[in-house]
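The values are calculated or read from the model by the stated rules, or taken from the named source; none is laboratory data. This is a predicted model, so every value here is computed, not measured. Cβ sites come from the backbone with ideal geometry, for glycine too, and all protein chains shown count toward neighbours.
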Amino acid sequence: MHLDDIIKLINGGCMKKRDERRLAENEVIFKQINKDVDGFLHDVGVQNLLVTPFYCECSSLECRERIELTPAEYERIHKSLRHFIVLPGHQIPAIEQVIEQRDNFNVVEKKTEIPSPSEVRHRLKELK
Ligand SMILES: [Zn+2]
């Protein structure tokens, strides 16, 4: 079985158990973690130089894979709150649309409502 098919199966299974909103929350959580890293690199002034392994911001709660890009690029993509970076095949067409394809990742735009920062903080506490 091809890796992409396995990922599709995993994501398909998740869709049955979790509603779309929860999927969106998970993506926002990883985006928040990535933003903290990005903020730090920005502060030390290496945002254009250092290719950094950011977390994949897909909906799978189990995904801990990384996507390498420079913090400057990361900041450019995330100017919109609805945009997330995911590995190819990690997108879920029911809740998001691929708007940009790169060699090692896709940029997706969310169709669903984005959870508020307080909801995300609540979910982060649950995970700890
Ligand atoms: Zn992923």
field: Residue under evaluation VAL44, criteria (1) aliphatic (A, V, I, L, M); (2) within 16 Å of the ligand (Cβ to nearest atom); (3) loosely packed, with under 13 Cβ neighbours inside 10 Å, criterion not met
entry: (2)
message: Here's a check for you: in region 76-96, which residue that is among the charged types (D, E, K, R) and either over 18 Å from LEU49 (Cβ atoms) or touching a helix residue (DSSP H, G or I) at 6+ places or on another chain (Cβ under 6 Å) (or both) is surrounded by the fewest Cβ atoms within 10 Å (Cβ to Cβ)?
response: LYS79
Scope region 47-62; condition free of Cβ contacts under 8 Å to residues at least 40 places away in the same chain and exposed (fewer than 15 other Cβ atoms within 10 Å of the Cβ); matching residues: ASN48, LEU49, LEU50, VAL51, PRO53
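Given region 67-119, what strands (runs of 3 or more DSSP E) lie entirely inside it while holding 2 or more residues that are within 12 Å of GLU57 (Cβ to Cβ) and out of contact with any Lys or Arg (no Cβ under 6 Å at 6 or more places or on another chain)? Show your work before the answer.
Numbers: elements: 83-86, 96-101, 106-110.
Per the criteria, 83-86, 106-110.
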task: Would you point out which residue out of ILE99, ILE92, ILE67 is in contact with a Cys (Cβ under 9 Å, 6 or more places away or on another chain), modelled with pLDDT of 90 or more and more than 14 Å from ASP38 (Cβ to Cβ)?
output: ILE92
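What about LEU87, is it more than 8 Å from the ligand (Cβ to nearest atom) and more than 10 Å from GLU27 (Cβ to Cβ)? Let's see the steps before the verdict.
Working: more than 8 Å from the ligand (Cβ to nearest atom): no; more than 10 Å from GLU27 (Cβ to Cβ): yes.
No: the conditions fail for LEU87.
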